[in-house]
Amino acid sequence: MTWEGRNVLITGAGGFVGSWLSKSLIEKGANVVAMLKDNAPDIVLKYLGIYSKLKAIEKGDIVNFDWVKKIFADYNIDTCFHLAAQAIVGIANQSPIPTLETNIKGTWNILEVTRIIESMKRLIVASSDKCYGEPIKLPIIEDHPLLASYPYDASKACADILSRMYSKTYGLSIGVTRCCNIYGGGDLNFSRIVPDTIRSVISNKNPVIRSDGTPVRDFIFVMDAVSGYLTLAENLERNEIKGEAFNFGSNSPITVLDFVNKIIKISGKSLKPEVVGKSKPKAEIDAQYLSSEKAEKLLDWRPIVTLEDGLKEAIRWYSDFFISPSGKEFV
């Protein structure tokens, strides 16, 4: 399939991944409608130079069904990438109800609109590796039970299950992505390890590790994740793909301490991580990383950006961003 001329809606388009996905689709000729929360920042969309190239920007609340339905109908949407979510784990733990409303009710609104709007041909729903909870076996494959135990994780597991239910029950072309930790330029949530570490390194400060440094994670560069989203959408008409969930990871697990040291080494700075946690924080899993074998076999998808190259690009992006008018407030 081609994206040229297609009316594509991206929920959460102003977010980290949503911004890069918007850019990629615009470059492929799609008519991209950006759905943003009322108070959501759009800094990255503007910094990437695509704000004025969007077909439309609609701001509101995804839990408002009538508003969501109107947007799909008004723009004759053909494809939707549903990325909108309350994704900050700390906020979810402190105040679960808004997270559950946004991540679960917001998703079933998108699913129900997909069911009733005739123009809709395909939907990609962003789940997360967090939906698996504490892994029984590593690396995690897609038939691993969803054992989420905390608010954010459980909300993504619920959205994941609802999406596959809608596909099977109503025969809809829906695919679910389960990505590992996505990194790259444009992530302005500095409670996350990558932007926080890179900001510290650029400022010549020792990065702080809030755990004991031993948790093992998998990290995927943002453009590899975008490639996964697009590849899945392009294959949704295949019966063996419709209604399925796919892991997208780099297949290169690494400890948090080694990961932070790698950023420092790539930066060329003489810094040292400050490990302030004596144990892993509550709700943090010791080891969590994915197998992408299913995506490799069925979608012919593979990550192409190495961790070293991805981190070099991320450091370059933030270095430029922090000296720009848009980025000075984040230094």
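So which residues in the range 102-159 are of a type in the set (Phe, Trp, Tyr) and free of Cβ contacts under 8 Å to residues at least 60 places away in the same chain? Scanning the range 102-159 gives a single hit, TRP108.
Table: residues versus (1) more than 14 Å from ALA85 (Cα to Cα); (2) in contact (Cβ under 8 Å) with a residue 24 or more places away in the chain; (3) not assigned by TED's automatic domain parsing to the domain that holds MET223.
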| position | (1), (2), (3) |
| --- | --- |
| ALA13 | no, yes, no |
| VAL17 | no, yes, no |
| SER24 | yes, yes, no |
| ALA30 | yes, yes, no |
| TYR47 | yes, yes, no |
| VAL63 | no, yes, no |
| TRP67 | yes, no, no |
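Among the residues of the range 292-331, those identified as touching a residue at least 12 places away in the same chain (Cβ under 8 Å), over 30 Å from ILE43 (Cβ atoms) and within 20 Å of the chain's Cα centre (by Cα) are SER292, GLU293, LYS294, ALA295, LEU299. Between VAL17, VAL8, the distinction of being under 17 Å from GLY228 (Cα atoms) and assigned to a strand (DSSP E or B) belongs to VAL8 only. Going residue by residue through the range 307-320, is there one that turns out to be assigned to a loop (DSSP other than H, G, I, E, B) and surrounded by 11 or more Cβ atoms within 10 Å (Cβ to Cβ)? Checked the range 307-320: no residue is assigned to a loop (DSSP other than H, G, I, E, B) and surrounded by 11 or more Cβ atoms within 10 Å (Cβ to Cβ). In this structure, SER267 does not qualify as of a type outside the set (D, E, K, R), in the same structural domain as LEU172 (by TED's automatic domain parsing) and either at pLDDT below 95 or buried (at least 18 other Cβ atoms within 10 Å of the Cβ) (or both).
Here is a yes/no grid of residues against (1) buried (at least 24 other Cβ atoms within 10 Å of the Cβ); (2) in the same structural domain as THR79 (by TED's automatic domain parsing):
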site	(1), (2)
SER155	yes, yes
LEU162	no, yes
GLY171	no, yes
ASP196	no, no
ILE202	no, no
PRO207	no, no
ASP212	no, no
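The helices (runs of 4 or more DSSP H) found wholly in the range 36-95 include none carrying at least 2 residues that are among the hydroxyl-bearing types (Ser, Thr, Tyr). Against the test of being touching a Ser or Thr at 6+ places or on another chain (Cβ under 6 Å) and buried (at least 18 other Cβ atoms within 10 Å of the Cβ), the options VAL33, VAL17, VAL8, VAL68 yield a single qualifying residue, VAL8. Can you say whether TYR75 is within 22 Å of the chain's Cα centre (by Cα) and hydroxyl-bearing (Ser, Thr, Tyr), as far as the supplied structure shows? Judged against the criteria, TYR75 is not a match.
Filtering the range 230-241 for residues that are in contact with a helix residue (DSSP H, G or I) (Cβ under 9 Å, 6 or more places away or on another chain) and under 18 Å from LEU307 (Cα atoms) leaves an empty set. The residues of the range 74-84 that are touching a residue at least 24 places away in the same chain (Cβ under 8 Å) and either on the phi > 0 side of the Ramachandran plot or loosely packed, with under 15 Cβ neighbours inside 10 Å (or both) amount to a single one, ASN76. The number of residues in the range 20-31 being within 16 Å of LYS121 (Cβ to Cβ) and outside any loop (DSSP other than H, G, I, E, B) comes to 2.
For the range 246-264, the candidate set comprises residues that are over 15 Å from ILE193 (Cβ atoms) and surrounded by fewer than 22 Cβ atoms within 10 Å (Cβ to Cβ); within that set, the residue that is modelled with the lowest pLDDT is ASN251.
Any residue at all in the range 230-253 that's of a type in the set (A, V, I, L, M) and closer than 21 Å to LYS312 by Cβ? Checked the range 230-253: no residue is of a type in the set (A, V, I, L, M) and closer than 21 Å to LYS312 by Cβ.
The values are calculated or read from the model by the stated rules, or taken from the named source; none is laboratory data. These numbers come from a predicted model, not from an experiment. Reconstructed Cβ throughout: ideal geometry from the backbone, glycine too, with neighbour counts over all protein chains shown.
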